[in-house]
Amino acid sequence: MLSLENLLVQLNQLKSSTKPIWGSMSAQRMVEHLSESFKMASGKLSFPAEVPISTFEKMQAFLMTDKPMAKNIQVAFSPEDAPLRHEELELAIDEFVEEWIDFIDGFEENPSKTSEHPYYGSLNFDQWIRLHEKHINHHFEQFGLV
């Protein structure tokens, strides 16, 4: 399972000037984007489904595979050029930590909880962890952190 301590070791290698290997998102935007995925998992953010509901089962099955996420995916709910929320990368990393903790705490308080993702549908804790593993690895590869 993901460990916040290990994630921070990798995130602390990131500089605001770090350029992506693919895509156009800045390093800080990537961290803020990851925080948004934790907010979604916690139920703080919600977006309408972006794929037919009939594909959710197939998308959830993908989570259980070792297949990586495709590069250069554009998602309407999180554009690469969205305005930054923080003045600097370190503050974005602080938000990441807060959202990680809220995500874990929320599911510890309510283990049967589910929350919605616009591509994967209703996900439980284990499914969210799997999605976060794939998603974080995808973006850490994008910025040369793994």
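Observations on the structure shown:
- Computed from backbone phi, the HN-Hα couplings of region 85-95 come to 8, 10, 6, 8, 4, 4, 5, 5, 5, 4, 4 Hz, rounded to whole numbers (Karplus: 6.51 cos²θ - 1.76 cosθ + 1.60, θ = phi - 60°; Gly and Pro given as x).
- Sites residue 141 and residue 74 - FRET efficiency at Förster radius 30 Å, r taken between beta-carbons, to 0.05: 0.95
- Computed from phi, the 3J(HN,Hα) profile of region 59-64 under the Karplus parametrisation 6.51, -1.76, 1.60 (θ = phi - 60°) reads 5, 5, 5, 4, 4, 8 Hz, with x in place of Gly and Pro.
- Only DSSP H runs of four or more residues enter the estimate; each adds -39500 (n - 2.57), and after division by the residues of the chain the mean residue ellipticity at 222 nm equals -15500 deg cm²/dmol.
- Sequence-distant residues sharing a close amide H with residue 143 (under 5 Å, placed H): 21
- Approximate shape of the chain as ellipsoid semi-axes (Cα gyration tensor, √5λ), whole Å, largest first: 23, 18, 15
- Hypothetical label at residue 122: residues of region 31-54 whose amide nitrogen lies under 14 Å (7 Å Cα-Cβ projection): 53-54
- Distant-in-sequence amide H partners of residue 117 (H built 1.01 Å from N, under 5 Å): 122, 123
- Sparse-neighbourhood loop sites, GluC sites (Glu not before Pro) in region 82-127 - DSSP loop, at most 13 other Cβ within 10 angstrom: 87, 88
- Neighbour counts of C-beta atoms inside 10 Å place 69, 64, 25 in the sequence 64, 69, 25, starting with the fewest.
- Gain in span if fully extended, residue 1 to residue 22, counting 0.36 nm per residue against the direct Cα distance: 4.9 nm
- Net charge dipole size for the chain [Lys, Arg +1 and Asp, Glu -1 on Cβ; Debye, nearest 20]: 620
- Lysine pairs in the chain with Cα atoms under 30 Å, if 8 or more residues apart or on separate chains: 28
- Estimated at 0.36 nm per residue, the fully extended path between residue 102 and residue 66 surpasses their Cα-Cα distance by 10.3 nm.
No value in this document is a laboratory result; all are computed from the given coordinates. Here the structure is a predicted model, which is why all the values come from computation and not from measurement. So basically every Cβ, Gly included, is an ideal-geometry build from the backbone, and we count neighbours across all protein chains shown.
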